């Protein structure tokens with residue numbers, strides 16, 4: 001009986017439409033967050049760039065789910081599922097970032113912002129520009145034979 005009452009209540013809530021102003025405000029907030037994402041994406045933020053991008057994306061996803069998918073108007077199980085899913089996203093992101101941040105430095109890929117090693121570019125010679133290793137080897141063997 002409680003489920004039937006909840007369904008009638010939600011149906012009643014869905015009939016009471018909100019004005020377009022609410023959606024315009026959310027849409028403008030999403031545009032601003034997108035511009036912040038683009039602006040910070042072009043900046044070099046080695047320490048907290050990934051965290052900032054994930055936070056902005058999570059806020060944008062939450063706004064879309066709450067207002068455009070009307071989860072803010074629902075009650076009961078829908079709110080519980082949404083809250084638990086947000087909790088697990090936060091845990092997944094948090095544990096992943098803690099793992100990367102506390103890793104042994106040499107275990108990270110060379111050239112990454114978390115590694116002390118320089119990236120290895122096989123086939124590039126910094127003195128002659130970008131030439132392959134095979135061409136260099138041919139040049140060295142040709143000089144030895146002359």
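Among what's in the stretch 42-65 and is free of Cβ contacts under 8 Å to residues at least 24 places away in the same chain and outside any loop (DSSP other than H, G, I, E, B), pick the residue that is surrounded by the fewest Cβ atoms within 10 Å (Cβ to Cβ). This residue is 61.
Here's the yes/no breakdown for (1) exposed (fewer than 11 other Cβ atoms within 10 Å of the Cβ); (2) modelled with pLDDT under 75; (3) out of contact with any strand residue (DSSP E or B) (no Cβ under 8 Å at 6 or more places or on another chain); (4) farther than 30 Å from residue 59 by Cβ:
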| site | (1), (2), (3), (4) |
| --- | --- |
| 86 | no, no, yes, no |
| 98 | yes, no, yes, no |
| 104 | yes, yes, yes, yes |
| 117 | no, yes, yes, yes |
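With respect to the conditions (1) surrounded by 10 or more Cβ atoms within 10 Å (Cβ to Cβ); (2) out of contact with any helix residue (DSSP H, G or I) (no Cβ under 7 Å at 6 or more places or on another chain); (3) modelled with pLDDT under 85; (4) on the phi < 0 side of the Ramachandran plot, residue 74 lacks only one, and its number is (2). Taking residue 39, is it part of a helix (DSSP H, G or I), modelled with pLDDT of 85 or more and surrounded by fewer than 10 Cβ atoms within 10 Å (Cβ to Cβ)? When the stated conditions are applied, residue 39 passes them.
The values are calculated or read from the model by the stated rules, or taken from the named source; none is laboratory data. Just so we're clear, the structure is a prediction, and the values are computed from it rather than from any experiment. Note that we place each Cβ from the backbone using ideal geometry, even for glycine, and neighbour counts take in every protein chain shown.
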